[in-house]
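Read the structure below first, then the notes.
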Amino acid sequence: MSRTLAIVGVGLVGGSAGLAAKAAGWEVIGVDDPPVLEKATELGAIDRASTMKEVRGADLVVLAAPISRIPALIGDLAPTDALVTDVASTKMKIVQEAEARGLRFVGGHPMAGSQLSGVANAKGDLFHGARYFLTPTERTDPEAYREVARFVRGDLGAVPTAVEPEKHDLLMAALSHLPHLMAVALLKVASDISPEALSFAGPSFRDLTRVGASNPGLWSDILAENAPALGEALAAFAGAMAQLGSEISNRDSIEYRFRAAREAYDALGGILIESTGNNVEIAVPVENRPGVFAEVTTLMGSNGINILDLYVRHSNTERAALVLTLDAEAVLQARELLREAGFGAEVEG
């Protein structure tokens, strides 16, 4: 039987969901501005354009519009028998609105994305292996939750994780929203100290403030929607900074704080440098030219060396370092291969 998925807001995330769902056998319809829908149809992210009236009859509706528009869209949808979910990065307000309207609703938030936006950058594998928060409440229909979880796991290829809406918003405030504000503040502090200060900034400052260059409109929208939880996170952060400030002249106390921070960082999970030394980071200085990253990663892969993680550390517009996390046993071979290919390779730490 054909299943109909309706996507309201066919941008990067919505378009990627459409590509994945079509590959899994769904008929996908979309609601957005006409030029966006035309591009989405051309790229195969949706089968055809649709309307909010038709969307009410879909089997599953994914609300992927800008976060501030989703509560109003929930109002436009009601009444409907369709199962509804969303992809917004804050949940309390949206979940409350959906429950007040009596929708069969399960809040969602994929931890996947890109610095690029728009349906032109959509990818069918965007969600593969990514954590995907689902935010059921005591009022959520268990079968509705199971259906959305099956869609997330089976059709999008993500890993569904249940968390309460309030806890979700606090997590996002601490792990995502607060760091964006910290980057904005640090950039202001440095700029106020000296107009040319940023030209002297090293890699650590650049890494710490990178998210300060995020889309201003998008992030003002997200932060405003999560103001209550972000206020809690900001208060806790201000308290932590005040405590550190009172201990600055006490070397033992500051050393203890850094040790505790290192233990917390090592415990974050995921692919990090393990304290056991099983994983090692190596920095590969490269010129800024097309294809150079592919040369390095292909060299590793073609010789059976698995890259556990990687990131780019920029020094200027002409040069950068590609930092690879490898198994410690592969480091000597990797360095030799890189040197034979004309690359340097420095072990970090």
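Read the figures in this text as sums done on the coordinates, not as results from a lab. Every value quoted in this text rests on a predicted model; they were computed, and no experiment measured them. A quick note on method: Cβ atoms are made from the backbone with ideal geometry, for glycine too, and the neighbour counts reach across all protein chains shown.
Net length available on complete extension from GLN96 to ALA78 is 5.1 nm, with 0.36 nm assigned per residue and the Cα-Cα distance removed. Comparing the chain with the 2.2 N^0.38 Å rule of thumb, its C-alpha radius of gyration ratio is 1.13 (two decimals).
Axis of helix 227-247 versus longest Cα principal axis of the chain: the two differ by about 20°, to the nearest ten degrees.
The Cα atoms of region 167-266 give a gyration tensor whose axes a ≥ b ≥ c have a/c of 1.5 or more with a/b no greater than b/c, which makes the shape oblate. Charged neighbours of LEU223, selected by a Cβ distance under 14 Å, balance to -3 (K, R count +1; D, E count -1).
Below 14 angstrom from the Cβ of ALA158, what's the summed charge of the other residues (Lys, Arg +1; Asp, Glu -1)? Computed value for this residue: +2. Between region 30-57 and region 116-141, how far is it from one alpha carbon centroid to the other, in angstrom? A separation of 19 Å, based on Cα centres.
The magnitude of the dipole of the chain, with charges of +1 and -1 set on the Cβ of Lys/Arg and Asp/Glu and taken from the Cα centre, is near 320 debye. With K and R counted +1 and D and E -1, the other residues having a Cβ less than 10 Å from that of ALA40 yield a net charge of -2. If you line up the long axis of helix 251-266 against the longest principal axis of the chain, both from Cα atoms, how many degrees apart are they, to the nearest 10? Its long axis makes an angle of about 50 degrees. Pairwise Cα separations in region 103-184 fall into 5 Å bins from 0 onward with the following percentages, short to long: 3, 14, 20, 20, 19, 15, 6, 2, 0.
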